[in-house]
Amino acid sequence: MPRVIFVTPDGTRTEVEGVAGDSVMATAIAHDIVGIVAECGGSMMCATCHCYVEDAWSARIGQRSDGEEEMLESAACEVRDTSRLSCQITLSSDLDGLVVHLPDAQT
Amino acid sequence: MKLIEDHLAIDPPEGVPVWDVDPYSESVLANPNPYYAALREQGPFAYIPRYAILACGRYDETKEVFSDHTRFVSSRGVGLNDFRHGKPWRPPSLILEADPPDHTRTRKVMARALSPKVVAGLREDFRIAAEAIVDRLLQMQGFEAVADLAEAFPVAVFPKAVGMLDVHARHLVDYGAMVFNGLGPDNALRRAAMARAPEIVPWITAACTRNRLTGDGLGAIIYEAADAGEIGHDEAAMLVRSFLSAGVDTTVTGIGSALWCLARNPEAFAALRADPALARPCFEEVLRYTSPVHTFARTADCNTEVAGVKIVEGTKIICALGSANMDPAKWDDPEVFRIDRRPAGHLAFGVGIHGCVGQNIARAELEVLLTVIAEKVAAIEPTGEAVWRPNNAIHALDRLPLRFRPN
């Protein structure tokens, strides 16, 4: 069970158990993580599941999906090199302990 | 190989109940909830002999079949006809009726044109139109909400957003209804819809050409992608057509259904008036509760298994989205309309790569309109019976007599 650690802008860390094959977004919704809205439910249409992947993990989670980069332009907060739409990150045992930072706002 | 409705006539898979029902009968379409409950009762799937298809209506299996685009494809049609065996009535949609990698290319262009950023720039126009329409209705003793509001608002804002120079309100609304009726079996609804094609389709096709669009609308964004070589110019015209088939009648339906929900649930409307920020969650609950698209189909593109049921390649599966959105295994008190439920995971817009590409604009139209109504209207009162209009894929009102009581 890959664990994911969500970090709010004030530094609060919440660790949850995810399921391999699920997205980081779905994991956040299943655990009521405030700060991931995911209005479109994972269709890469809304940019309200934006997160910043901690530097150490950035290389391991791979490239942005086709179209993800453009949809990030609609994100409510600053887009950085580590920005991802969490619906496009799929959990696996390799990502056990993944740390993602939540932006100040999603809408 | 035997075909029914231009798809492979499968035998009932082992363990799947045979249920002699017509999901496309006008009585089911007018009042679908008893059919949904019975469908869920059958099990994960039911075999419907008259069409030789599977139907699913429990949340988990409906979501699995509807969103797994590798096993359950859209390029063979999202209605009962399998495009591998029968000729589609119109050139298939490049986005609704397509699979990756073709779909990935067109979806990216459509998603750009309908992104939250683009939609944010339309909201002021939406508000001006909503205020004008609601102000006019407040002067009337009563009105017919389908024509006077549900149709009037999208027809006022959507063609303008697309950049259309030609606006024919009736054709715009009826084209969507026609496309959606075309997804059903060869019944009276489909035949009546097809009979109107010679009148409507040429107008739609002409209205989608570049010289009939402004240079600053959503349509222009699509044609710019063609200039950049991302898609062909012929494809651009087809994608603009998708705005019109999927962007007018669906929103008309959503608005009518939202008004119906609020008229029947005065306490919900009172809550919305007290806190207009509930407009967006209110629309999500309207979507869950009324499922404007009630049923779309998928085609199994391989031999596979879902919930222990063996499904053979070529099987048409109708996904009753309206049933999944009412499944008590997923939702507490599903038959209660709760304005603040925030029903994340409802299937009204689908989910995954085929999730509604226009959902941002639909949400913005509804949010703005419901906010304006909440600000200006004291009560929404029914003045007659609401009548539903049967359609093979859309659950829409035909008539909704209402009165707006002013503040």
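The values are calculated or read from the model by the stated rules, or taken from the named source; none is laboratory data. Please read all numbers here as calculations on a predicted model, not as lab measurements. Every residue, glycine among them, receives a Cβ derived from its backbone with ideal geometry; neighbour counts consider all protein chains shown. Remember, those area values only see protein heavy atoms, side chains included, never the ligands or the DNA or RNA. Shrake-Rupley method; radii C 1.70, N 1.55, O 1.52, S 1.80 Å.
What number of residues within the range A:38-54 satisfy the criterion of being β-branched (Val, Ile, Thr) and out of contact with any His (no Cβ under 9 Å at 6 or more places or on another chain)?
Matching residues across the range A:38-54 total 1.
Name the pairs: first residue in the range B:352-368 and closer than 18 Å to residue B:162 by Cα and more than 8 Å from chain A (Cβ to nearest Cβ), second residue open to solvent by less than 10 Å² (accessible area, probe 1.4 Å) and in a loop (DSSP other than H, G, I, E, B), Cβ to Cβ under 7 Å, at least 6 apart or on different chains?
Going by the 7 Å Cβ cut-off, the qualifying pairs are B:358/B:114; B:361/B:114.
Out of (1) open to solvent by less than 10 Å² (accessible area, probe 1.4 Å); (2) over 21 Å from the mean Cα position of the chain (by Cα), the odd one out for residue B:350 is which?
Going through (1) open to solvent by less than 10 Å² (accessible area, probe 1.4 Å); (2) over 21 Å from the mean Cα position of the chain (by Cα) one by one, residue B:350 breaks only (2).
For the range B:279-312, which positions are assigned to a strand (DSSP E or B) and under 19 Å from residue B:35 (Cα atoms)?
Across the range B:279-312, the qualifying residues are B:293, B:295, B:296, B:297.
What number goes with the only condition from (1) within 23 Å of the chain's Cα centre (by Cα); (2) part of a loop (DSSP other than H, G, I, E, B) that residue B:35 does not pass?
That leaves (2) as the condition not met.
Find the residue count for the range B:385-400, including only residues that are open to solvent by 30 Å² or more (accessible area, probe 1.4 Å), touching a residue at least 40 places away in the same chain (Cβ under 8 Å) and more than 17 Å from residue B:294 (Cβ to Cβ).
Of the residues in that region, 1 qualify.
Please verify whether residue A:8 is touching a residue at least 24 places away in the same chain (Cβ under 8 Å) and either within 14 Å of chain B (Cβ to nearest Cβ) or touching a helix residue (DSSP H, G or I) at 6+ places or on another chain (Cβ under 7 Å) (or both), treating the condition exactly as stated.
It is false that residue A:8 is touching a residue at least 24 places away in the same chain (Cβ under 8 Å) and either within 14 Å of chain B (Cβ to nearest Cβ) or touching a helix residue (DSSP H, G or I) at 6+ places or on another chain (Cβ under 7 Å) (or both).
Please identify the pairs in which a residue from the range B:105-126 that is without any contact (Cβ under 8 Å) to a residue 60 or more places away in the chain has its Cβ atom under 8 Å from the Cβ atom of a residue that is open to solvent by 30 Å² or more (accessible area, probe 1.4 Å), counting only partners at least 6 apart or on another chain.
From residues that are without any contact (Cβ under 8 Å) to a residue 60 or more places away in the chain, the pairs are B:117/A:73; B:125/B:160.
Can you spot a residue in the range B:324-331 that is out of contact with any Pro (no Cβ under 7 Å at 6 or more places or on another chain) and in a helix (DSSP H, G or I)?
Scanning the range B:324-331, I find at least one residue that is out of contact with any Pro (no Cβ under 7 Å at 6 or more places or on another chain) and in a helix (DSSP H, G or I), so the answer is yes.
Residue check: is residue B:54 assigned to a loop (DSSP other than H, G, I, E, B) and at pLDDT 95 or above?
no
Identify all residues within the range B:335-347 that are surrounded by fewer than 22 Cβ atoms within 10 Å (Cβ to Cβ) and more than 11 Å from chain A (Cβ to nearest Cβ); write none if there are none.
The answer is B:335, B:336, B:337, B:338, B:340, B:341.
Name the single residue that is nearest to residue A:79 (Cα to Cα) among those in the range B:117-162 being open to solvent by less than 30 Å² (accessible area, probe 1.4 Å) and within 14 Å of chain A (Cβ to nearest Cβ).
If we take residues in the range B:117-162 being open to solvent by less than 30 Å² (accessible area, probe 1.4 Å) and within 14 Å of chain A (Cβ to nearest Cβ), then B:119 is nearest to residue A:79 (Cα to Cα).
Being open to solvent by less than 10 Å² (accessible area, probe 1.4 Å), under 19 Å from the mean Cα position of the chain (by Cα) and facing chain A (nearest Cβ under 9 Å): is that true of residue B:321 here?
For residue B:321, the condition - open to solvent by less than 10 Å² (accessible area, probe 1.4 Å), under 19 Å from the mean Cα position of the chain (by Cα) and facing chain A (nearest Cβ under 9 Å) - is not met.
Spot the failing condition for residue B:215; the list is (1) assigned to a helix (DSSP H, G or I); (2) in contact (Cβ under 8 Å) with a residue 12 or more places away in the chain; (3) among the small types (Gly, Ala, Ser); (4) open to solvent by 20 Å² or more (accessible area, probe 1.4 Å), and only one is missed.
(1)
If a residue has to be away from chain B (no Cβ under 12 Å) and not charged (D, E, K, R) to count, how many in the range A:35-78 make the cut?
Within the range A:35-78, residues that are away from chain B (no Cβ under 12 Å) and not charged (D, E, K, R) number 12.
Counting just the residues of the range B:80-110 that are assigned to a helix (DSSP H, G or I) and open to solvent by 20 Å² or more (accessible area, probe 1.4 Å), which one comes out farthest from the other protein chains (Cβ to nearest Cβ)?
B:102
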